[in-house]
Structure formats: structure tokens, C-alpha cells
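Worksheet: the structure to be examined is printed underneath.
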Amino acid sequence: MQRYLFAVDKLSTWFGKVTAWAAVALTLLISAEVFSRYALNRPHAWVLDAQIMLYGTLFMCAGAYTLAKSGHVRGDVLYGFFRPRTQASIDLLLYIVFFLPGIVALTWAGWTYANDSLAIREQTFNADPLPVYPFKFVIPVAGAVLLLQGLVEIVRCVVCLRDGAWPAREEDVEEVDVDKLKEMVHATDGDDADPAARPLPAAQRQEGA
């Protein structure tokens with residue numbers, strides 16, 4: 001069971017990391033357009049639409065990755081004090097009542113929306129039009145990956161209700177462990193250092209002189 005949970009976590013992580021490159025493309029595109037517009041006096045009408053598409057892709061495709069890492073905003077004022085089984089019960093209820101209907105509707109409607117756009121070969125409305133339908137297919141794809149990750153989270157809730165503890169997650173990026181970092185560089189805090197090794201205050205140095 002844990003192997004399948006990790007497999008979906010890895011898929012969501014891979015999907016999020018690949019689409020995160022849209023941030024790099026967006027940065028390069030904006031930088032190039034600023035240079036072209038103000039230095040060369042050659043603006044491009046299609047750049048604004050491309051920026052919106054890249055940002056939309058980045059926004060839509062980050063959901064599954066964030067859910068896999070349990071990174072969504074949560075009101076932990078009370079939730080953090082609950083036992084794991086109580087937390088799992090609350091999460092399971094919210095997944096069933098809100099998450100599943102919303103994401104299923106998003107994926108289904110997004111698929112219809114994208115196919116309608118493809119049927120008419122929809123384009124942007126400017127002097128240099130761009131095709132819109134490839135961007136609109138991001139909606140059902142991102143929704144499907146998010147739905148898959150949500151099903152995994154539901155399984156985690158059921159496992160927690162059974163075992164009384166949350167199952168492990170696939171590790172990705174961790175915060176810096178300050179204590180381990182100190183051990184690596186053999187550093188200590190000023191308060192922990194040997195008092196004899198500390199420099200004397202200026203007034204005491206003058207008295208000693």
C-alpha cells in the first residue's frame with residue numbers, strides 16, 4: 001500500500017517540478033519583452049497573452065505538488081492539538097464533502113471547456129494571435145493529477161483511522177536543520193562558547209592595560 005502512495009506522491013512531485021519551469025520561462029519572457037519594448041522600441045502584442053498562459057499553467061499545476069507535501073494553508077490553531085485519528089476524521093469528511101465534488105467538477109468541466117476551444121481553434125484577440133486551446137487543456141490535466149493525489153490523501157486518512165498514526169510521505173525539500181549545520185561547520189552559539197575564549201569588553205581591556 002505504501003508503495004502505491006509513494007508512487008502517486010512522486011508523480012505529483014514530478015508534475016509540479018516540471019511545470020515549475022514555467023516560472024523560469026515567464027521570467028525570461030518578461031525580461032526579453034522589457035528590453036525589446038524600452039531599449040529597441042519594438043513591443044510584441046502576443047507577450048501579454050503568453051505571460052497569462054504561463055502564469056495560469058504555473059498556478060494550476062502546483063496544486064497536486066502542494067497537496068502531496070501537505071503544504072496548503074491550514075488553520076492549525078485547534079487542528080494541531082487534535083489526536084491523529086481526530087485529524088484524519090476531519091480531513092476525510094472535508095475531502096468527501098468539498099474536495100471530491102469540486103475537483104471532479106473542475107476536471108469534467110475543464111475537459112469540455114478545452115474540447116470546445118479546440119473545436120473552433122480558439123485564438124487570442126490581438127494583432128498577433130496565439131492559440132488558446134493548448135492552454136485550456138491544462139485545466140483538466142491539472143485537475144486529474146490533483147484528483148489522483150486527493151484520492152491518495154483519502155487513503156492516508158483511512159490508514160490513520162485504522163493505525164492511529166499518519167503514514168509517511170515521500171520526502172522532497174526539507175528546511176535547514178540549524179543544529180546539523182552547526183555540527184558540519186563545527187560552530188557554536190556565543191552563549192555556548194567557552195567564557196575564557198570570549199573577547200573582553202572594551203572597559204575591561206582598558207582596566208587591564
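Every number here is computed from the coordinates shown, using simple stated rules; none is lab data. Everything numeric here is computed off the predicted structure, so don't read it as measured data. Every residue, glycine among them, receives a Cβ derived from its backbone with ideal geometry; neighbour counts consider all protein chains shown.
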Going by average Cβ neighbours within 10 Å, how do the peptides 38-48, 122-132 rank, with the highest at the top?
122-132, 38-48
So, relative contact order of segment 77-135 in percent, Cα under 8 Å, 6 or more apart, is 19
Over segment 6-131, what is the relative contact order in whole percent, taking alpha-carbon pairs under 8 Å and six or more residues apart?
31
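Can you pull the semi-axes for segment 4-59, root of five times each eigenvalue of the Cα gyration tensor, sorted largest first, whole Å? Write out the running numbers ahead of the final one.
Working: eigenvalues 224, 19, 5 Å².
Equivalent-ellipsoid dimensions as semi-axes: 33, 10, 5 Å.
Provide the net charge surrounding residue 4, with neighbours chosen by a C-beta distance below 14 Å and charges set as Lys +1, Arg +1, Asp -1, Glu -1. Display every interim value, and only then the final one.
On the way: positive: 3, 10, 156, 169; negative: 9, 153, 170.
Once all neighbours under 14 Å are counted, the net charge is +1.
Is the C-alpha gyration tensor of segment 86-174 telling us rounded, prolate or oblate? Criteria: a/c under 1.5 is rounded; beyond that, a/b larger than b/c is prolate, otherwise oblate. Mind showing how you got there, number by number?
On the way: a/c = 4.38, a/b = 2.55, b/c = 1.72.
In terms of gyration-tensor shape, prolate.
Would you please classify the overall shape of segment 91-137 from the alpha carbon gyration tensor, given that a ≥ b ≥ c denote the square roots of the eigenvalues, rounded means a/c under 1.5, and beyond that prolate means a/b larger than b/c while oblate covers the rest?
Numbers: a/c = 5.78, a/b = 3.15, b/c = 1.84.
In terms of gyration-tensor shape, prolate.
Shape of segment 30-136 from its Cα gyration tensor (a ≥ b ≥ c, root eigenvalues): rounded if a/c is under 1.5, otherwise prolate when a/b > b/c, or oblate? Walk me through the intermediate numbers first.
Details: a/c = 5.44, a/b = 1.91, b/c = 2.85.
It is oblate, given that a/c is not under 1.5 and a/b is not larger than b/c.
With Cβ to Cβ distances under 11 Å as the rule, what net charge do the other residues near residue 92 carry (K, R +1; D, E -1)? Before the final figure, lay out the partial values.
Values: positive: 85, 156; negative: 91, 153.
Its environment carries a net charge of 0.
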